[in-house]
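Everything on this sheet refers to the single structure shown next.
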Amino acid sequence: MSTGVNFADMIELIADTVPGRPAIVAGSSRLTYAELDARADRAARLLRHAGVQPGEHVGIYAVNRIEWVEAMIGCLKLRATPVNINYRYVAAELRYLIDNADLRTIVVERRYLPTLTTALADVSPVRAVVVIEDGSPPPADVPADVPADGRCGGAAGSQATSWRTVGFEDPTADPATDPRPVRIPRDGDDHYIIYTGGTTGLPKGVVWRSADLFRAAIARPLPDGRVPTGITDFVEHAANPPLNYFTLAPLMHGAAQLGVLIAIATAGTTVLWTGRSFDAPAIWDLAAAERATSMTVVGDAMALPLVDALEARPGGWDLSGLFALANSGAPLSSGVRARLARLLPNVLIIDSYGATELGHSGAEEGGPARFRLSGDTAVLDEHLVPINPGADAVGRIARRGAIPLGYYKDPEKTAAVFQTDAGGVRWAVPGDLATVDADGTVRLLGRGSTVVNSGGEKIFPEEVEDALKTHPDLVDAVVVGVPDPRFGERVVALAVLRTGRAPDSAALIAHCRGLVAGFKVPREIHTVTAIRRSPAGKVDIPWARARAADLSGSAEPPVTADPSGSAEPSGTADLSGSAEPPDATDLSGSAEPPGSAEPPGSAPAPGLSPAGVIGELAADGSAADVARRERASFLPDLLIAALERGRDLPAVHLDGRVLTGAEVRDEMSRYAQAYAKLGLGVGSPTAMISANRPEVLFTMGANMLTGCRSSALHPLGSVDDHAYILADAEIETLVFDPAFAHRATELAQRVPSLVNLLSLGPAEVGTDLTALAAGFTPRPLVAPRVGPEDVSGITYTGGTTGRPKGVMSTYRGAATMTQIQLAEWEWPTETRFLVCTPLSHAGAAFFVPVLLRGGSLVVLPRFDPAAVLDAIEKYRITATMLVPTMLYHLLDHPKLATADTSSLQTVFYGASAMSPTRLAEAIERFGPVFFQFYGQSECPMTISVLRRGDHDVTRPDRLASCGRPVPWVRVALLDDDGAEVADGEPGEVCVRGPLLSAGYWRRPDQTAELFEHGWLHTGDIARRDADGFLTIVDRKKDMVVTGGFNIFPKEVEDVLCSHPAIAAAAVIGVPDDTWGEAVKAVVTLRPGAEVSTAELTALVRERKGPHHAPKSVDVVDELPMSPVGKPDKKALRARYWSTGERRVH
């Protein structure tokens, strides 16, 4: 039977062997094996009556209760496949799982019917819903054909549904009606699916053959040492005294389901925790009352409150029957483990390793994070070759033999995880890293040694130390983890400073953020005079941990601070009706937080700055000291003030709606609470792709109010570019317009870090963020606890190397930009501002300033010349922002001749250079209303301004200028040696001041180049006249600015050179009256090859998007080359630009 084990056959055989033995205890319900088998037969008949066929998938949507087990076994008896449903899901998540898992029947607890009804509101493949009564009153908005007592069913659903409901206690399935057991031929090929990953993103179904899952997860060694090979081995064992298995995790997770099957296989008794919260004293009460012989927990999140309860009531429970406490899913910390060992000296504490894709793969041996893997499990190198014991190499834990078939309906992920080696052996390789000791034991990286495990995220200290040590003010550094009540550990650094140096803590934090992911950045940095090392030069890690814990004040875990303002001891955490800890996972081998590993909204410990500390803060306790310590106001604070100031005024006209400041405020509050519900907070990496719609504003507000690190994807970008940005920025959460659902699905498949998809409305994938937010009551807005150098967002701009670079915006920089806008820009007395650029990009920069001025915004879905002119006339628009290409389209539109634009008082323009000729034409048509701002992502929007009165149509040179620097920054024109040039001489525009970004994300070399000589180098070459006006004449960079978009030639050249006819390509910008610059491609062909220019343009459009597509393509015999063999683009540009001085149009 070793290849034909079927779980239903196993259950029936055990029931026949020990019919009177207790099988399961769940609350007040108790069943013997005979009763469980009969009840499962009854469930099988009920499901068959509801239309379930062999091979179909049946969802089970309930908390821990005896009916969960009955339904699971009933499915197995029919050869149907039970599918676990996370009862925390909102309707959109539930809809996704229903569709992804091809569910046709769902067994649901009545309390979850409203959510299920919402999920099934659209056309659904579900035929039947089987309702488990839980005492909840029947909701008014769900099918009413199941009475409260659940004793009838089968009637058609309401007119609004295409599915029928059946009561789980439907009498047609009673033995008196049909007493026959459900016994049909079955085999080991029947499927068992475990959905995993749903709490952190799109859930995925791991598909097992029942025979393989039996071998991988159930066939544990028997007490006599034999490893069972089939059901009969367990039957022989059934005569032994039974064990009582106490399962604390919810059955919606694979670990709990397999725990029940293990208990059945060994003819033991399963005790389920059915409490609505994780009540540690009540759990020990139940363990003592049921004489539990083993308990299964998931990491410190469960173990810690259990330990606290034991210490609070020494000797309070008779646990003499308990001999094993097994842990899986997340590692036990040594402190919790030691306390358990001290309090339960006769109990074996077992840490096991496994994953949903591997099954049970090893047990602890030789200390924390050291495991002896099972025979079919190994640590593989990158070529899928097992690493030899003792080799100094890191590999991935993998299993062969009894492994899953793959992920349900996901061939790409299946191919990525389930790989075949050169010898034809198929391996499951989920990705956990490990090394192999000389004795064959495996060290799991991230679960012991010096690795910090923060909420399940594995942080290698050496990587963070290397980042710190690149700072010029540091001599030495060591990074360790200290206890954290929520995430297990948090990252803390000890640093030794160079003599005479005293860097600001925020600067060090920002330095790290540019080199390593946000969750790896130390939350605290403490100075020490020296780092203790061994004679061999290695850091004394026990000393470092003790010192860090002492300096951080967390040698003993403190009470957890609830972001809502209440303090809640860890032992009484409300787990929203789940026995599962907030961050626990099933058999994943590690606990993964639902967002950033940095606690969202958490306040620093006393004496610490929000960004971390170095040394001690000077404090005298006086009122003046308190006042000095109040942090500065950043953009979230300004947003809150703006919405409150205009709470009774119209704030936004968008998508046919007019929203007051109070209405926008309340929606942002709801969205921020939804973010918090999903675990998003300070530092959580998010991105958004959407057209202009109200929900974009609400989401932007949620990002600011929760302190998320945000990035934007342009709606016209290609999937390749979007995937690159998300992967490079390590984005975990993507918010998307439902119109981009297909793109979101593609990105989720291509970007490993992307685990959360949030849709702005109903969509076929992801969580409906709008529906989730609608369930919250507005609360007063509170700005997040952030520091001035914390990274608020990453804006991607291109580079000469061809790949976009992430520019790190800080809270300081964003606040400075807004202050400059308010102080230096020329605004109408009454501001009615038209937004026709994407809100996710430039349009958002005007939201807070306009509202702070008491104005309102009219937002168009997109730029359309006729719609812009109509809106100006209809709403009497007084200000707007346009890029030059937009203005050109307005000037050329026939409707302009009759449009009433007399209300316009200010037209802000920027993003690319304006043609002086066309600017003069615009002034003639619209009047002296134009105001230019000059900046770049690295120093946003306001390096210099050309005021309305400076637009002198009699002076074309002045119209070509980008104005004079604002007083908030210092601007110099420098030569290549860093010296200032004289007026009239060309020099690079370089900037200093609080407006600057923190540099490029994880690109220290390019960041150092950007800030060479202590200035930010823009790459723009300009001249300054005697009046201080700057005029840009050329760019050091090869970047082409076309219609306000930055195009980087190498990206286009790479696409062109991928065509088989192309030998070489060079891309430049050439003058264009509409676009400012147009993308020009110059190519050479391979011998004998032919290709049309239209074909090349189409290729680039498909691969990169419309803005990258060349407006013209020239085929030449050869490209001009520089002495070092590179295409000479300066010579190439000279062929297409006029002989005038100005090299930007």
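No lab work stands behind these numbers, since they all come straight from the coordinates. Computed from a prediction, not measured in an experiment: that's the story for all the values here. Virtual Cβ from ideal backbone geometry, glycine too; neighbours counted across all protein chains shown.
Report note on the peptides 247-260, 467-480, 1083-1096: ranked by the mean count of other C-beta atoms within 10 Å, highest first, their order is 247-260, 467-480, 1083-1096.
Cβ under 13 Å from residue 344's Cβ, residue 344 left aside: what net charge do those residues give with Lys, Arg +1 and Asp, Glu -1? Summing Lys/Arg as +1 and Asp/Glu as -1 gives +1.
If I stretch the segment between residue 824 and residue 426 completely, what's the gain in nm (0.36 nm per residue apart, minus their alpha carbon distance), one decimal? Gain on stretching residue 824 to residue 426: 136.7 nm. Using 0.36 nm per residue and subtracting the Cα-Cα separation, the extra length available between residue 750 and residue 347 on full extension is 140.5 nm. Taking every C-alpha pair closer than 8 Å and separated by at least 6 residues, the mean separation divided by the residue count of the range 660-797 gives a relative contact order of 31 percent. Each Lys or Arg adds one and each Asp or Glu takes one away; over the other residues whose Cβ falls under 12 Å from the Cβ of residue 891, this sums to -1. Beta bridges from DSSP with both residues in the range 801-953: antiparallel share about 25 percent, rounded to the nearest 5. Note on residue 917 and residue 312: their simple-model spin labels are 8.1 nm apart, each label 7 Å out from Cα toward Cβ. Based on Cα contacts under 8 Å between residues 6+ apart, the range 1-89 shows a relative contact order of 27 percent. Here the range 1-75 and the range 638-711 have alpha carbon centers that stand 48 Å from each other. Using the Cβ-Cβ distance between residue 543 and residue 136 with R0 set to 45 Å, the FRET efficiency works out to roughly 0.20. FRET efficiency for the pair residue 415 and residue 393, taken as 1/(1 + (r/R0)^6) with r the Cβ-Cβ distance and R0 = 35 Å, rounds to 0.90. Put simply, when 743-756, 502-515 are sorted by average Cβ atoms within 10 angstrom per residue, most first, you get 502-515, 743-756.
In terms of distances greater than 28 angstrom between alpha carbons, the cross-link table entries 895/1080; 413/520; 469/1104 yield 895/1080; 469/1104. Partner aspartates and glutamates whose Cα lies under 12 Å from the Cα of residue 409, excluding those fewer than 8 positions away in the same chain, are identified as 99, 102. For the range 923-945 versus the range 745-796, the spacing of their alpha-carbon centroids is 32 Å. Extension gain, residue 1008 to residue 924: 0.36 nm times the residue separation minus the Cα-Cα distance gives 25.7 nm. Most tightly packed first, judged by the mean number of other beta-carbon atoms within 10 Å of their residues, the peptides 806-819, 700-713, 955-968 read 700-713, 806-819, 955-968. Based on alpha-carbon atoms, the Kirkwood radius and the radius of gyration of the range 1038-1136 give Rg/Rh equal to 0.94.
In this label model, residue 496 and residue 841 are separated by 5.0 nm, measuring between points 7 Å along each Cα→Cβ vector.
For the range 870-993, what does the alpha-carbon gyration tensor say about shape, rounded, prolate or oblate, given a ≥ b ≥ c as the root eigenvalues, a/c under 1.5 as rounded, and a/b over b/c as prolate? Prolate, since a/c reaches 1.5 and a/b exceeds b/c. The mean of 1/r over all distinct Cα pairs in the range 370-444, once inverted, gives the Kirkwood hydrodynamic radius of 12.6 Å. By other beta-carbon atoms within 10 Å, ranking 352, 690, 759 with the fewest at the front produces 352, 690, 759. Once the C-beta distance of residue 1134 and residue 1112 is scaled by a Förster radius of 22 Å, the resulting FRET efficiency is 0.85 to the nearest 0.05.
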